[in-house]
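*Asks:* What follows is a structure written as structure tokens; I'll ask about it next.
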Amino acid sequence: VAGFLAGASSIEKLFNAIPETYNVESGHFVTNAKIGDSSEEALADIGVTVRENFSRDISTTIDDRTTNVRVFANRDGFNLPALYEGHLPEAADEIALDDTFLAKHEIGLGDTIRLEGKDFTIVGDVVLSDYTSLFERNEDFVMNTLSFTVALVTQDVWNSLKGDSTEYNYAYFIDGFADMTTAEHVDLQVDIAKALTKSGARVTSILDQDTNQAFFYSGDDVTHDQAMFRVLFYLIIIVMAFIFVVLTSATIEEESAVIGTLLASGYRKGELLRHYLFLPAAVGIAACVVGNLVGYLVCVTPFSGLYYNSYSFPPLQVQFDWSVFMLTTVVPFLILMAVNFVGLARKLRCTPIQFLRHETRRQRSRSKGLQLPERWGYIARFRIRVFTRNFSQFATLFGGILIASLLLIFGLGMQHVIEDYVDVKEVFPFPPDDRQ
């Protein structure tokens, strides 16, 4: 859990920094043709600036699969790409492709791709900051990393390409976009559409960061997965608490005679408490150290790789997260010590003679028995008394079965959750806040 949360939280921080680091658009709109100066002036009147971000879709064949390559010209100051290897296209026969797509097809720098009968050499392994998820269309409910990719070429090369289709995509920017509410985002889109319509432009679609699946989907997935892992971790903590209680009680029962002898010899209960807490504390500290070493040095890479195999994130630098450390290290250790301390303290309330006679678990049996109606019959009253005298054991058994059942349901229900998610996304391709 430490390894996963460390990697996921680092990716989440990386994703949240993308808009500022790479100057990502507040949103974009698509028109049926190039807009004129009057449209740009109308948008400027409402505080919106726009940049051309035109694209052309070109069909080609890669690994015997028909692939749609969405080609953009090199960006100048907005929606900047993150470069993994190589450099951005500079010559007429150079192209840069998405990192995730290249990895899926085992293509690298120096390989060629054929577009419209011309060979282009791959010189850049990049991630487009506005395409962290390869959604071909925003209404799609699943990514396509096998037969769709985005690419960069020089402006002159882009002008020379014909393409199967051309999209007049305009990135728009507005100050304070990150601080706006969902309702304000919607109002802004309405104002943009009205301004463009009044100036004679025809808008075919408009999206902002929060409704553009190519941008928000990856970060949303990482955030929700952390919540799922935390729930699983809480279940594990509860199981650990049960184990600690059982082990503590068993230790006291096994060494009851020794404890009674030591108490009778003049040892104080505080000394015995510290003695029996030492071993759990030593094991707990060792487990915390080993767990963090394994989590951060071994598990972070494969867990973060799960996301990088599907999404197009910039290069990752794992950051230490204090909240993850508290959750996965400090909290379990405190629970370990608290459970053992409470269990030992309760047991050490017994007298030396009770320890010597192994009567530490019979303190409550000396109290007045439970009065049951005579009309219930002997067998029924006998069963009830057996149950009440062993209630703690039955409660522990019930708790263990409950936790095991939750973990079983957690696993068996995963496929149904995914199927339901796919059905919902097919009907509602936008986030819950925008379904209305």
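*Asks:* Return the residue satisfying two criteria in turn: it lies in the stretch 174-190 and is in a helix (DSSP H, G or I) and open to solvent by 70 Å² or more (accessible area, probe 1.4 Å), and of such residues it is farthest from GLU20 (Cα to Cα).
*Replies:* The selected residue is ASP187.
*Asks:* Of the residues that sit in the stretch 281-300 and are β-branched (Val, Ile, Thr) and touching a residue at least 40 places away in the same chain (Cβ under 8 Å), which one is least open to solvent (accessible area, probe 1.4 Å)?
*Replies:* For the stretch 281-300, the residue satisfying everything is VAL300.
*Asks:* Please state which of the following conditions VAL123 fails to meet, knowing it meets all the rest: (1) at pLDDT 90 or above; (2) open to solvent by 10 Å² or more (accessible area, probe 1.4 Å); (3) aliphatic (A, V, I, L, M); (4) under 30 Å from GLU40 (Cβ atoms).
*Replies:* Going through the list (1) at pLDDT 90 or above; (2) open to solvent by 10 Å² or more (accessible area, probe 1.4 Å); (3) aliphatic (A, V, I, L, M); (4) under 30 Å from GLU40 (Cβ atoms), VAL123 breaks only (4).
*Asks:* Among the residues of the stretch 248-280, which ones are in contact with a Pro (Cβ under 6 Å, 6 or more places away or on another chain) and open to solvent by 50 Å² or more (accessible area, probe 1.4 Å)?
*Replies:* Answer for the stretch 248-280, where residues must be in contact with a Pro (Cβ under 6 Å, 6 or more places away or on another chain) and open to solvent by 50 Å² or more (accessible area, probe 1.4 Å): just ALA264.
*Asks:* Within the stretch 110-138, track down each residue that is among the hydroxyl-bearing types (Ser, Thr, Tyr) and either in contact with a strand residue (DSSP E or B) (Cβ under 8 Å, 6 or more places away or on another chain) or not in a loop (DSSP other than H, G, I, E, B) (or both).
*Replies:* THR112, THR121, SER129, TYR131
*Asks:* Say we look at the stretch 1-21 and pick out the residues that are part of a helix (DSSP H, G or I) and β-branched (Val, Ile, Thr); which of these is most open to solvent (accessible area, probe 1.4 Å)?
*Replies:* Out of the qualifying residues, it is THR21.
*Asks:* Take VAL245 and decide whether it is among the β-branched types (Val, Ile, Thr), open to solvent by less than 30 Å² (accessible area, probe 1.4 Å), in contact (Cβ under 8 Å) with a residue 12 or more places away in the chain and assigned to a helix (DSSP H, G or I).
*Replies:* So VAL245 does not fit the description; no.
*Asks:* Among PRO315, PRO332, which is the only one that is in contact (Cβ under 8 Å) with a residue 60 or more places away in the chain and closer than 30 Å to LYS104 by Cβ?
*Replies:* So the residue among PRO315, PRO332 that is in contact (Cβ under 8 Å) with a residue 60 or more places away in the chain and closer than 30 Å to LYS104 by Cβ is PRO315.
*Asks:* Now a separate question. Take the conditions buried (at least 21 other Cβ atoms within 10 Å of the Cβ) and over 15 Å from PHE72 (Cα atoms) and apply them to SER129. Does it pass?
*Replies:* no
*Asks:* Among (1) touching a residue at least 24 places away in the same chain (Cβ under 8 Å); (2) within 17 Å of the chain's Cα centre (by Cα); (3) surrounded by fewer than 18 Cβ atoms within 10 Å (Cβ to Cβ), there is one condition GLY219 misses while meeting the rest; what is its number?
*Replies:* Here GLY219 meets the rest and fails (3).
*Asks:* Can we say ILE236 is more than 30 Å from LEU306 (Cα to Cα), among the aliphatic types (A, V, I, L, M) and either at pLDDT below 85 or out of contact with any helix residue (DSSP H, G or I) (no Cβ under 7 Å at 6 or more places or on another chain) (or both)?
*Replies:* Considered against the rule, which asks whether it is more than 30 Å from LEU306 (Cα to Cα), among the aliphatic types (A, V, I, L, M) and either at pLDDT below 85 or out of contact with any helix residue (DSSP H, G or I) (no Cβ under 7 Å at 6 or more places or on another chain) (or both), ILE236 comes out as no.
*Asks:* Kindly indicate whether THR100 is of a type in the set (Ser, Thr, Tyr) and either open to solvent by 10 Å² or more (accessible area, probe 1.4 Å) or in a strand (DSSP E or B) (or both).
*Replies:* no
*Asks:* How many residues are open to solvent by 30 Å² or more (accessible area, probe 1.4 Å) and not hydroxyl-bearing (Ser, Thr, Tyr) if we restrict to the stretch 141-173?
*Replies:* Total meeting the criteria: 12.
*Asks:* Next question. Could you list all residues from the stretch 120-138 that are aliphatic (A, V, I, L, M) and touching a Pro at 6+ places or on another chain (Cβ under 8 Å)?
*Replies:* Once the filter is applied, which keeps residues that are aliphatic (A, V, I, L, M) and touching a Pro at 6+ places or on another chain (Cβ under 8 Å), the stretch 120-138 yields VAL123, VAL126, VAL127, LEU128.
*Asks:* Would you mention how many residues in the stretch 192-208 are under 19 Å from ALA44 (Cβ atoms) and surrounded by 16 or more Cβ atoms within 10 Å (Cβ to Cβ)?
*Replies:* 8
*Asks:* Now for a separate question. Is one or more of the residues making up the stretch 51-58 among the acidic types (Asp, Glu) and open to solvent by 20 Å² or more (accessible area, probe 1.4 Å)?
*Replies:* Checking the stretch 51-58: at least one residue is among the acidic types (Asp, Glu) and open to solvent by 20 Å² or more (accessible area, probe 1.4 Å).
Yes/no matrix, rows are residues, columns are (1) open to solvent by 40 Å² or more (accessible area, probe 1.4 Å); (2) assigned to a loop (DSSP other than H, G, I, E, B); (3) of a type outside the set (Phe, Trp, Tyr):
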{"position": "ASN23", "(1), (2), (3)": "yes, yes, yes"}
{"position": "GLU41", "(1), (2), (3)": "yes, no, yes"}
{"position": "THR61", "(1), (2), (3)": "yes, no, yes"}
{"position": "PHE72", "(1), (2), (3)": "no, no, no"}
{"position": "LEU83", "(1), (2), (3)": "yes, no, yes"}
{"position": "ALA92", "(1), (2), (3)": "yes, yes, yes"}
{"position": "GLY108", "(1), (2), (3)": "no, yes, yes"}
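The values are calculated or read from the model by the stated rules, or taken from the named source; none is laboratory data. Just so you know, these numbers come straight off a predicted model, no measurement behind them. We place every Cβ from the backbone using ideal geometry, glycine too, and count neighbours over all the protein chains shown. To get the accessible areas, we keep the full protein, side chains included, count just its heavy atoms, and leave off ligands, DNA and RNA. Shrake-Rupley method; radii C 1.70, N 1.55, O 1.52, S 1.80 Å.
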